[in-house]
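Beneath this line is the structure, given in structure tokens, with notes to follow.
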Amino acid sequence: MKSAKALTGRREKSGSNTSAITSIEFVLRAELHEPTETDFVHSINGRIIAESQARGEEDAGYIRASLIQFSEALDHGISAERLGDGISGDIAEYWEHLFDPETGHPKEEIQNEFEAVDLDLLIIDQIVIHPEFRGLGIAESAVHRMIGIFGTACGLVACRPWPLQFTPSIANDPKALRQLAFPDVSEGEAIRKLRSFWSRLGFWPIRSTGIYVMSRSQRACEVSFQYHGKSHQ
């Protein structure tokens with residue numbers, strides 16, 4: 001039987017500059033049937049839009065993420081072992097490095113270091129800003145908006161900083177390289193800059209895995225501290 005799908009879209013303001021208002025149109029797809037282990041992994045696509053009086057609405061880039069509802073899966077009686085077996089591809093690496101395969105909870109060292117309270121995981125898979133819209137803080141705003149909307153029930157937000165121009169699918173596509181107009185830097189320099197970007201946003205590396213993680217509980221404490229600090233100045 002062909003499964004039905006529910007499509008949800010959400011457009012949120014993420015920032016502005018002097019000439020355009022930027023927003024994100026989020027799309028999340030979910031199956032409508034009895035849940036299996038793979039139904040707790042949701043792909044989120046965000047179209048970043050710039051709108052100005054002079055040029056109207058334009059695509060400014062996109063952001064893609066995966067929301068893994070480990071807590072919801074365990075509540076539905078899906079064991080950690082079954083959940084691990086149902087995870088494949090890039091997500092399996094996050095499962096392996098961050099979670100205990102027997103309990104489905106974050107590993108003890110992850111718990112201790114990042115104070116991960118909730119089980120769900122938000123993975124920022126990719127973010128691309130088109131050349132003419134770079135340098136305006138749009139990428140940072142898009143990441144924060146993604147986390148603010150889809151990461152509220154997550155203990156951790158994770159990513160693997162790797163320059164898109166050095167992935168096989170893009171590196172071997174001259175048309176894509178021209179359109180995206182990446183900076184002319186070495187692979188090592190591109191990795192360094194990208195990791196620096198995610199570090200500024202509050203992500204920390206997990207040993208030598210290449211995975212960077214943000215603790216939602218620690219981030220909430222920092223935001224609360226900054227807010228109360230400013231209110232008393």
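The values are calculated or read from the model by the stated rules, or taken from the named source; none is laboratory data. These numbers come from a predicted model, not from an experiment. Methodologically, a virtual Cβ is constructed for each residue, glycine included, from the backbone with ideal geometry; neighbour enumeration extends over all protein chains shown.
Annotations
- Every residue from the stretch 47-57 that is of a type outside the set (Lys, Arg) and in contact (Cβ under 8 Å) with a residue 12 or more places away in the chain: ILE48, ILE49, ALA50, GLU51, SER52, ALA54
- Scope the stretch 120-147; condition closer than 18 Å to PHE197 by Cβ and assigned to a helix (DSSP H, G or I); matching residues: PRO131, PHE133, ILE138, ALA139, GLU140, SER141, ALA142, VAL143, HIS144, ARG145, MET146, ILE147
- Residue within the stretch 114-124 that is among the aliphatic types (A, V, I, L, M), touching a His at 6+ places or on another chain (Cβ under 8 Å) and under 18 Å from ILE206 (Cα atoms) present: yes
- Residue match in the stretch 151-165 (condition: part of a helix (DSSP H, G or I) and not hydrophobic (A, V, I, L, M, F, W, C)): yes
- First in the stretch 200-219 and in contact (Cβ under 8 Å) with a residue 12 or more places away in the chain, second anywhere and among the aromatic types (Phe, Trp, Tyr) and in a loop (DSSP other than H, G, I, E, B), Cβ under 7 Å, 6 or more apart: TYR212/PHE203; VAL213/PHE203; MET214/PHE203
Residue-by-condition table, conditions (1) assigned to a strand (DSSP E or B); (2) modelled with pLDDT of 90 or more; (3) within 26 Å of ASP100 (Cα to Cα); (4) of a type outside the set (Asp, Glu):
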residue: GLU31; (1), (2), (3), (4): yes, no, no, no
residue: THR38; (1), (2), (3), (4): no, no, yes, yes
residue: ALA50; (1), (2), (3), (4): yes, yes, no, yes
residue: ALA60; (1), (2), (3), (4): yes, yes, no, yes
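- Cβ-Cβ distances below 8 Å connect the following pairs, each with a first residue in the stretch 66-77 that is assigned to a strand (DSSP E or B), a second residue that is among the hydroxyl-bearing types (Ser, Thr, Tyr), and a separation of six or more residues or different chains: SER66/SER43; ILE68/TYR94.
- Any chance VAL185 is surrounded by 15 or more Cβ atoms within 10 Å (Cβ to Cβ) and modelled with pLDDT of 80 or more: no
- Residue check, ILE127 touching a residue at least 40 places away in the same chain (Cβ under 8 Å), touching a strand residue (DSSP E or B) at 6+ places or on another chain (Cβ under 6 Å), surrounded by 15 or more Cβ atoms within 10 Å (Cβ to Cβ) and of a type in the set (Val, Ile, Thr): yes
- From the list ARG134, ARG82, ARG145, the lone residue that is of a type in the set (Lys, Arg) and touching a helix residue (DSSP H, G or I) at 6+ places or on another chain (Cβ under 6 Å) is ARG82.
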